[in-house]
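*Asks:* The structure's right below; bear with me while I get my questions together.
The values are calculated or read from the model by the stated rules, or taken from the named source; none is laboratory data. Not measured: the values here are computed from a predicted model. Positions of Cβ are generated from backbone atoms using ideal geometry, with glycine treated the same way; all protein chains shown enter the neighbour counts.
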């Protein structure tokens, strides 16, 4: 149990009053004394600071009201309660100056002790609540961080299950999520996209991006892994991966009974990342801004990565060739502003591609959106 006495600072112009109040309070409190306003301000800068100030309104160098106002203007002392000692009662002025209470002179010992005890206990209770709140915030941060790590792991496991069934690699997932985040950062101040691309939303996009092809787990191997050109009927089956992915996310939302930004982005990306800006994509044939922004970002990221990656059915194109193909498809396959953003940050795309390249020399890097 903490038996340390609370510190009470008394400021009065008259030495006899200081002696009198010290005698009234010293049994239960550690008392500090000052006879000028400057002395009060100086003592209040020392640590540990007093938990209560008894302040005469008629100090010789500055009045108590001015002293109180200075204390209240500093973040270090603003919450420390001040009790004014007044010869002539003026509670209205005292409260305007920031005082917590007023005690009239001549002093009555029982009244002074009661007022001091009340405000010291109030101050200590506030400090205890503040400590408990800080502790709770720390615990919540730890739990939130742990849950976030678990969510990241589950997202990655689910996304990898879909990608590794086909020709993709786990590094494809890392690349596209970094491409999407990079595009989001580049476009966050663009007037068309500023409302959607907040910092928090870009982080949610980063987390959701690896889920874009989770619907492929429902596509038969005979079609998904076919090395030859697909028939039209087989391609129609492949196109359903967007519906299957969307339905998986919707099922999660229904089970939870609510949605959030991450789930919304995941649903939009899985369902609409194969849409094209001119309306020739699938599954809905959406056009222009009717395609969710998250899916428009993913379309550029996913196509770029497919172009520069080697597959059993195609060689890897150079970065320059991929950029030219995306430039030529601007306004048709891709949102022109998103395609332009990629052209502006193409060096960042090249760095991401090199950082997470599909060979044993790829450098492992923590999965963050920053």
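*Asks:* Pick out the one residue from 230, 240, 297 that is more than 22 Å from residue 177 (Cβ to Cβ), assigned by TED's automatic domain parsing to the domain that holds residue 190, in contact with a helix residue (DSSP H, G or I) (Cβ under 8 Å, 6 or more places away or on another chain) and at pLDDT 95 or above.
*Replies:* Of 230, 240, 297, the one residue that is more than 22 Å from residue 177 (Cβ to Cβ), assigned by TED's automatic domain parsing to the domain that holds residue 190, in contact with a helix residue (DSSP H, G or I) (Cβ under 8 Å, 6 or more places away or on another chain) and at pLDDT 95 or above is 240.
*Asks:* Exactly one condition in (1) more than 26 Å from residue 16 (Cβ to Cβ); (2) touching a residue at least 12 places away in the same chain (Cβ under 8 Å); (3) assigned to a helix (DSSP H, G or I) is not met by residue 67; state its number.
*Replies:* Of (1) more than 26 Å from residue 16 (Cβ to Cβ); (2) touching a residue at least 12 places away in the same chain (Cβ under 8 Å); (3) assigned to a helix (DSSP H, G or I), only one is false for residue 67: (1).
*Asks:* When you go through (1) over 25 Å from residue 183 (Cβ atoms); (2) at pLDDT 90 or above one by one for residue 206, which number turns out not to apply?
*Replies:* Condition (1) is where residue 206 drops out.
*Asks:* Scan region 1-19 residue by residue and report those that are under 20 Å from residue 58 (Cα atoms) and either outside any helix (DSSP H, G or I) or in contact with a helix residue (DSSP H, G or I) (Cβ under 9 Å, 6 or more places away or on another chain) (or both).
*Replies:* 8, 9, 10, 11, 12, 13, 14
*Asks:* Taking into account only those residues within region 81-138 that are in contact with a helix residue (DSSP H, G or I) (Cβ under 6 Å, 6 or more places away or on another chain) and in a helix (DSSP H, G or I), which is farthest from residue 65 (Cα to Cα)?
*Replies:* 109
*Asks:* Right, here's the next one. Within region 42-62, how many residues turn out to be out of contact with any strand residue (DSSP E or B) (no Cβ under 9 Å at 6 or more places or on another chain) and more than 20 Å from residue 5 (Cβ to Cβ)?
*Replies:* The number of residues fulfilling the criteria is 4.
*Asks:* If you go through region 102-122 one residue at a time, do you hit one that is surrounded by 16 or more Cβ atoms within 10 Å (Cβ to Cβ) and farther than 21 Å from residue 23 by Cα?
*Replies:* No, because not a single residue in region 102-122 is surrounded by 16 or more Cβ atoms within 10 Å (Cβ to Cβ) and farther than 21 Å from residue 23 by Cα.
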